[in-house]
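The structure under discussion appears below in the form of structure tokens.
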Amino acid sequence: MSDESHAQGQITMVGELVAYLDGELDTESNRRIERRLSQDAVYRQQLRVLQQSWDLLDHLPRADVDEAFTESTIAMVALRASDEERRTETQTVRKRRLLLASSTACAALAFLAAFAATRWWSDGPNRQLLQDLPLIENIDEYRYAESIEFLRMLEREGLFAEGGIDDDL
């Protein structure tokens, strides 16, 4: 057994025994420690040493604390509580601001997306009109034309503006 694991075992043993002496253990842990005490002489010796130390503590004089110590301690606790409350309040305000900013940003993005979608869908007829603009601009010429062949001849002569006559006519 290494020195480190031995020291760790000693600390664990002392911790168990202190909890046993303080009455902090549950029923099962109490039984386990009492079983070990009945079987392990080193464990019993350690309990005796701790019990003697506990008994010596009862013989120490009680410290008398004056009123100023109590007041300063209470003032320090109140100050710390006030600081903690202020810190918590500041964090709450920051969280609210962040939530408000992110909500505003999300709302703005949703508005922009809705605006873009609405504009794209509502511009459908206008897009068709833009595609048909050369035909619309020359509708008078088409109306008085005798035939499609006549219009094609005019196009070959360069009389039409850009785009020319569509082959679908």
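The values are calculated or read from the model by the stated rules, or taken from the named source; none is laboratory data. This structure is a prediction, so every number in the text was calculated from the model and none was measured. For neighbour counting, all protein chains shown are included, and Cβ atoms are generated from backbone atoms with ideal geometry for every residue, glycine included.
Key figures for this structure:
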{"read-out": "Some residue of the stretch 115-133 being touching a helix residue (DSSP H, G or I) at 6+ places or on another chain (Cβ under 8 Å) and touching a residue at least 12 places away in the same chain (Cβ under 8 Å)", "value": "no"}
{"read-out": "Verdict on A68 being surrounded by 10 or more Cβ atoms within 10 Å (Cβ to Cβ) and either in contact with a strand residue (DSSP E or B) (Cβ under 8 Å, 6 or more places away or on another chain) or part of a helix (DSSP H, G or I) (or both)", "value": "no"}
{"read-out": "Lone qualifier among R80, R36 - being touching a helix residue (DSSP H, G or I) at 6+ places or on another chain (Cβ under 6 Å), surrounded by 10 or more Cβ atoms within 10 Å (Cβ to Cβ) and assigned to a helix (DSSP H, G or I)", "value": "R36"}
{"read-out": "Residue check, T88 of a type outside the set (D, E), modelled with pLDDT of 90 or more and either in a helix (DSSP H, G or I) or out of contact with any strand residue (DSSP E or B) (no Cβ under 7 Å at 6 or more places or on another chain) (or both)", "value": "yes"}
{"read-out": "Which listed residue, of R62, R48, is of a type in the set (D, E, K, R) and farther than 30 Å from E34 by Cβ", "value": "R62"}
{"read-out": "Matching residues in the stretch 39-62 - criterion: being surrounded by 11 or more Cβ atoms within 10 Å (Cβ to Cβ) and either touching a Lys or Arg at 6+ places or on another chain (Cβ under 6 Å) or in a loop (DSSP other than H, G, I, E, B) (or both)", "value": "D40, Y43"}
{"read-out": "Output for the stretch 122-168, where each listed residue is of a type in the set (D, E), surrounded by 11 or more Cβ atoms within 10 Å (Cβ to Cβ) and modelled with pLDDT under 75", "value": "D123, E141"}
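Residues are listed down the side, and each one gets a yes or a no for (1) outside the structural domain of G15 (by TED's automatic domain parsing); (2) under 26 Å from the mean Cα position of the chain (by Cα); (3) among the β-branched types (V, I, T):
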{"residue": "Q45", "(1), (2), (3)": "no, no, no"}
{"residue": "V93", "(1), (2), (3)": "yes, yes, yes"}
{"residue": "R96", "(1), (2), (3)": "yes, yes, no"}
{"residue": "A108", "(1), (2), (3)": "yes, yes, no"}
